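Each remark here refers to the structure printed beneath this line.
The values are calculated or read from the model by the stated rules, or taken from the named source; none is laboratory data. Owing to the predicted nature of the structure, the values given are computational and were not obtained by experimental measurement. Reconstructed Cβ throughout: ideal geometry from the backbone, glycine too, with neighbour counts over all protein chains shown.
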């Protein structure tokens, strides 16, 4: 009798092992091959909508950014995708649409959300054996709702973007771009309604489907002086180094001159000024000269160390250098390859002040400031912290990762001191906080003829000696925002950054 029971047990073990292996093979090993067979696309999409897709959550694990709910009676689909906060998180979650497939986190994390990832095989097998419907895993992001909301409120009706990062981990605390879009319009409703929404979004010249925070590129203006000053300090300069300070910089090989903002005198027209003072007042002429003295090799090397891709303008080639990793498709900054400056020596001076063919976005700028705040280490930006199975168990984590060390600790400290001076005594005073030391840098970038400038600002806090910064913010306001042609980074973007810093510190970041 015992032998029969033992044989029966062995048979059951073999049966369940075979069943588990078959399920694993179909759902993991052969899933892509089966899904890509001709004629399977429509069936696959309908099958996907029979699965309760996992939610996308904020860092608190409670606030819902995206979720699946039961479809209305009579629908051929069991579930439909909803986005409770609308456009607030739309460019991060992306859309999940039966007509237009997926974008954003819905695409990047699809294996987990759909339940097809190997980490969820065990939970799926349990559901299968119990006859329960298949469920996807939950994605927990790094977004802090209070900071994201503060970014939207502070930006207001201005076109532009705000990024907030924890420099210690690279966690994205907020990433908001205006205008945005509500993904629900592409996931719920009739086919005609979705097509109309799609057509309208794609016809909008402001491109709401693209995030201005990390998917588009702009001239950085004087915020690029963070890169130029970093290169200078890496090559022996100090905040006290004196540099030439004529009213205008007579550029070699051309009749052009480089002027300070508003054609002003820097530091009252002193013949030589310390790097610290030129940085504090954001003077173009001294920094143009620094660029000429350093040369294109040093500037390009520093830009690439910060994650910029080398290109040969005006073509913005796909970057072949190591790029900053991110869970979503990202546009890394661009800086001309040194070969571009051959026979273009004046362009070096313009590039040194962010006005030639340098390009970046708020995420790139935030990472530069975060590197300075973190003592020279650049953390890769992290948007997803973990994956949970339908029972709430953590099945995968995404740990913080250091991407590189673009500058030395000594350079980082010198940069911190200069950025603090910008807020205390210079162009960034609008970001001053009475009880928190803030370090910042302004930028105002030309935006084409007869178009108001783009206004930039980045800052981190707390930034006092021996303090560990907890939040970095980068802001761009397009076309001068509410001030139009009168806009500067200090007047338009700095107050926005200050509000977001306050929200992050209040949230206990």
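Only one residue in 241, 223 is outside the structural domain of residue 81 (by TED's automatic domain parsing) and surrounded by fewer than 20 Cβ atoms within 10 Å (Cβ to Cβ), so which one is that? Only one candidate passes the filter, namely 241. Annotation note: of 449, 434, the sole residue that is closer than 21 Å to residue 284 by Cβ and without any contact (Cβ under 8 Å) to a residue 24 or more places away in the chain is 449.
For every residue, the table says whether it meets (1) over 19 Å from residue 498 (Cα atoms); (2) free of Cβ contacts under 8 Å to residues at least 24 places away in the same chain.
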{"residue": "372", "(1), (2)": "no, no"}
{"residue": "381", "(1), (2)": "yes, no"}
{"residue": "386", "(1), (2)": "yes, no"}
{"residue": "389", "(1), (2)": "yes, no"}
{"residue": "394", "(1), (2)": "yes, yes"}
{"residue": "400", "(1), (2)": "yes, no"}
{"residue": "403", "(1), (2)": "yes, no"}
{"residue": "420", "(1), (2)": "no, no"}
{"residue": "439", "(1), (2)": "no, no"}
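Can you find even one residue in segment 250-272 that is over 31 Å from the mean Cα position of the chain (by Cα) and closer than 22 Å to residue 306 by Cα? Spell out how you get there, then give the answer.
Just the residues of segment 250-272 that are over 31 Å from the mean Cα position of the chain (by Cα), to begin with: 250-259, 262-272.
With closer than 22 Å to residue 306 by Cα added as a condition, the list becomes none.
For segment 250-272, residues over 31 Å from the mean Cα position of the chain (by Cα) and closer than 22 Å to residue 306 by Cα: absent.
Every residue, every condition in (1) under 30 Å from residue 401 (Cα atoms); (2) crowded, with 17+ Cβ neighbours inside 10 Å, yes or no:
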site: 169; (1), (2): yes, yes
site: 173; (1), (2): yes, yes
site: 176; (1), (2): yes, yes
site: 185; (1), (2): no, yes
site: 199; (1), (2): no, no
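Beta carbons closer than 6 Å, at least 6 apart along the sequence or on distinct chains, pair a first residue in segment 475-489 that is at positive phi with a second that is surrounded by 22 or more Cβ atoms within 10 Å (Cβ to Cβ) and in a helix (DSSP H, G or I) for 481/492.
Might you let me know whether segment 425-432 holds any residue that is buried (at least 24 other Cβ atoms within 10 Å of the Cβ), assigned to a helix (DSSP H, G or I) and not assigned by TED's automatic domain parsing to the domain that holds residue 309? The answer is yes, given that some residue of segment 425-432 is buried (at least 24 other Cβ atoms within 10 Å of the Cβ), assigned to a helix (DSSP H, G or I) and not assigned by TED's automatic domain parsing to the domain that holds residue 309.
Just so you know, in segment 177-205 the residues that are part of a loop (DSSP other than H, G, I, E, B) and free of Cβ contacts under 8 Å to residues at least 24 places away in the same chain include one that is nearest to residue 493 (Cα to Cα), and it is 205.
Restricting attention to segment 436-450 and to residues that are assigned to a loop (DSSP other than H, G, I, E, B) and either modelled with pLDDT of 95 or more or under 26 Å from residue 382 (Cα atoms) (or both), the residue that is nearest to the chain's Cα centre (by Cα) turns out to be 438. Filtering 262, 291 for residues that are modelled with pLDDT of 95 or more and farther than 30 Å from residue 92 by Cα leaves a single hit, 291. Number of residues in segment 56-89 that are under 21 Å from residue 190 (Cβ atoms), touching a helix residue (DSSP H, G or I) at 6+ places or on another chain (Cβ under 8 Å) and not in a strand (DSSP E or B) equals 4. A residue that is within 27 Å of residue 424 (Cβ to Cβ), in contact (Cβ under 8 Å) with a residue 12 or more places away in the chain, part of a strand (DSSP E or B) and assigned by TED's automatic domain parsing to the domain that holds residue 330 occurs somewhere in segment 274-288. For segment 451-494, which residues satisfy the criterion of being farther than 23 Å from residue 417 by Cβ and assigned to a helix (DSSP H, G or I)? Residues satisfying the conditions are 478, 479, 480, 481, 482, 483, 484, 485, 486, 491, 492.
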